[in-house]
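Presented below is the structure to which this report refers.
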Amino acid sequence: MPATQRQPGLVPSLMLLTAIAFAIVYGIVVAGLPTELVLITLGAAATLFSLLHGGTWEGVMDIMGNKVRTALSALLVLYSIGIIIGTWMISGTIPYFIYHGLELIDPRYLYVMAFFGTAIVSTFTGTSWGSAGTLGVAIMGIAAAMDINLAITAGAVLSGAYFGDKLSPLSDTTIMASMVVGEDLYRHIRHLMYTSLPASVVAAVVYLILGLNMDLAEGTPEAIAASAETIGGLYQLNLLLLLPVAIVLFGSVRKKPTLVVLFLASACAALLAILLQGASPEAVAKSAVSGFNVSLLAGFNPGLDVATLPPALVSLLNRGGLYSMHGAVLFALCAFFFASALEAAGILKVVLDRSLAYVRSARGTILASLAASSTIILATGNSYVTFFLTRELFAEQYRKRGLHQLNLSRSMEDGGMIPEPLAPWTVSAVYMAGTLGVATLDYAPWALFNYLGIVFSILLAMIGPWTGWFGVKRIEPTGEEQTDSVTPSMNASSTVK
């Protein structure tokens, strides 16, 4: 906040925050207004509030410029994922996974396999977006061909993608969360296990139960076989189509620049499309930029009559391309404007600072940090901003209440990272909805891991005084004494090794 800007009072800050929350819920969820319009309108309101308290338009733009610079790599990754999907479709890489998935996967186990499959890819690559945009797209294709609930499938894909991302030493958010509080990355990941492992077990069990109790329509096996046969007739499918996948996995494990790895994987897929499928360079370029369309197959498959293909299969294959990400990038800019105006107004920090005065226990401190980080990520849609602001607000409070900073870094992730794609006005939600083809409000109830993490964080804090603070690392308090009802044990069982 500029030195000339006056800090707003608590009452007007609360009033504006309440109005913003109401406008978001009513405008986006109830009235169904375009999210971009809602964000721009609320950003203008927050900017006006900032101006009335001595702020400047240049100040808002400076904050937005910093956010765009910070997120530039992520925006370029968005475009790269669009190119990846387009080239992997025309080369046959994604259809290869769909074809063999239809042949090998029992529909009853698709949900749980979607969860574990995307979790493995995210762990190796360190990116939930990349996992959802590659294997996730293939799994959604399998579900569509099998006539399986797409909302539950998308929820399982999202859960697995974020589970793997959260526990990957290659993940930028995991690295940032540990770095912000000054803790070792691997100690941070081990501490995450206390909430992430039970959350993943519960999610996996629920997905397994949902699948085993699935009512398959009569004729489903025949429809699955027909879809597999159709895909097999459209492409030349062999193991070489796994080369782009191998490039992504190798580049991620070797910690090569993400954009370079994605470009090489797209170039490899483009070459395979020309050599294996007989596609022309023009068709490959069109697929990469404008998106893949089954009509492109007719150019190198003269006997193909596109009109005879099942509409569901056409809808499944027609996707990707650089242009397909324009909407997500435009949305990101609107979200950045809203978040910048909110930050410039200073109302969020005023409310959180004042609220901390009423937090007088270790348990309350953890719960407050979870609530604050969730509020900040849903308001700003930026995990980096969430991590830094949460650390600024709570680092001293954690030390004062005898809580190790590892607990803070975990709360940042459980409350300030994984819930992001559940709110339709965030960039991650727009990306996931567009990539997986399922609306945010449809998949959100089934993205179990994305809210079970915070549930288990709350549970550990609530029962801590009676469990010797299992899963919560303690230190000697540096300030006021604890006011928890049960004195915390400081023995070895209450610390994380």
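Keeping to segment 25-44, report how many residues are part of a helix (DSSP H, G or I), more than 23 Å from S383 (Cα to Cα) and of a type in the set (G, A, S). Qualifying residue count, segment 25-44: 1. The residue that is modelled with the highest pLDDT, counting only those in segment 193-203 that are surrounded by fewer than 21 Cβ atoms within 10 Å (Cβ to Cβ), within 18 Å of S411 (Cβ to Cβ) and aliphatic (A, V, I, L, M), is L197. Checking the stated criteria, A335 turns out not to satisfy the condition of being assigned to a helix (DSSP H, G or I) and at pLDDT 85 or above. L75: open to solvent by less than 50 Å² (accessible area, probe 1.4 Å), at pLDDT below 80 and in contact with a helix residue (DSSP H, G or I) (Cβ under 7 Å, 6 or more places away or on another chain), yes or no? For L75, the condition - open to solvent by less than 50 Å² (accessible area, probe 1.4 Å), at pLDDT below 80 and in contact with a helix residue (DSSP H, G or I) (Cβ under 7 Å, 6 or more places away or on another chain) - is met. Among residues that are assigned to a helix (DSSP H, G or I), out of contact with any helix residue (DSSP H, G or I) (no Cβ under 6 Å at 6 or more places or on another chain) and open to solvent by 10 Å² or more (accessible area, probe 1.4 Å), R391 is not included.
Considering segment 397-463, the qualifying helices (runs of 4 or more DSSP H), each wholly inside and each with 2 or more residues that are among the charged types (D, E, K, R), run over 405-416.
Is it the case that T134 is surrounded by fewer than 24 Cβ atoms within 10 Å (Cβ to Cβ) and in a helix (DSSP H, G or I)? Criteria not met by T134. Residue count for segment 156-187 under the criterion of being buried (at least 24 other Cβ atoms within 10 Å of the Cβ) and within 19 Å of I366 (Cβ to Cβ): the result is 3. Is it fair to say S315 is surrounded by 15 or more Cβ atoms within 10 Å (Cβ to Cβ), in contact (Cβ under 8 Å) with a residue 40 or more places away in the chain, assigned to a helix (DSSP H, G or I) and among the hydroxyl-bearing types (S, T, Y)? Considered against the rule, which asks whether it is surrounded by 15 or more Cβ atoms within 10 Å (Cβ to Cβ), in contact (Cβ under 8 Å) with a residue 40 or more places away in the chain, assigned to a helix (DSSP H, G or I) and among the hydroxyl-bearing types (S, T, Y), S315 comes out as no. Just one of (1) farther than 27 Å from G327 by Cα; (2) within 14 Å of the chain's Cα centre (by Cα) fails for K166. It is (1).
Okay, residues lined up against (1) more than 19 Å from D353 (Cβ to Cβ); (2) among the aliphatic types (A, V, I, L, M); (3) open to solvent by less than 20 Å² (accessible area, probe 1.4 Å):
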| site | (1), (2), (3) |
| --- | --- |
| V11 | no, yes, no |
| F22 | yes, no, no |
| G27 | yes, no, yes |
| V30 | yes, yes, no |
| L33 | yes, yes, no |
| T41 | yes, no, no |
| D62 | yes, no, no |
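Condition first: more than 17 Å from L264 (Cβ to Cβ), among the charged types (D, E, K, R) and not in a helix (DSSP H, G or I). Can you find one or more residues in segment 107-117 that meet it? No, there is no match, as no residue in segment 107-117 is more than 17 Å from L264 (Cβ to Cβ), among the charged types (D, E, K, R) and not in a helix (DSSP H, G or I). Among the residues of segment 245-292, those identified as open to solvent by 60 Å² or more (accessible area, probe 1.4 Å) and either assigned to a loop (DSSP other than H, G, I, E, B) or within 11 Å of S91 (Cα to Cα) (or both) are R254, K255, K256, P257, L271, I274, L275, S290.
For segment 338-377, name all the residues that are assigned to a helix (DSSP H, G or I) and of a type in the set (K, R). Give the derivation first.
So the first thing to find is which residues in segment 338-377 are assigned to a helix (DSSP H, G or I), and the list is 338-345, 347-356, 362-377.
Scanning segment 338-377 gives K349, R354, R363.
Of all residues in segment 19-35, those that are within 18 Å of C334 (Cα to Cα) have Cβ atoms under 6 Å from Cβ atoms of residues that are open to solvent by 50 Å² or more (accessible area, probe 1.4 Å) and not small (G, A, S), 6 or more apart or on another chain, in G27/L33. The requirement of being at pLDDT 80 or above, crowded, with 24+ Cβ neighbours inside 10 Å and under 15 Å from the mean Cα position of the chain (by Cα) is fulfilled nowhere in segment 138-152; no residue meets it. Only one of the numbered conditions (1) open to solvent by 30 Å² or more (accessible area, probe 1.4 Å); (2) within 23 Å of the chain's Cα centre (by Cα) is violated by A332, and that is (1).
The values are calculated or read from the model by the stated rules, or taken from the named source; none is laboratory data. The structure presented is a predicted model; accordingly, all values stated were derived computationally and were not measured. Cβ sites come from the backbone with ideal geometry, for glycine too, and all protein chains shown count toward neighbours. These area figures cover heavy atoms from the full protein model, side chains too; ligands, DNA and RNA do not enter into them. Shrake-Rupley method; radii C 1.70, N 1.55, O 1.52, S 1.80 Å.
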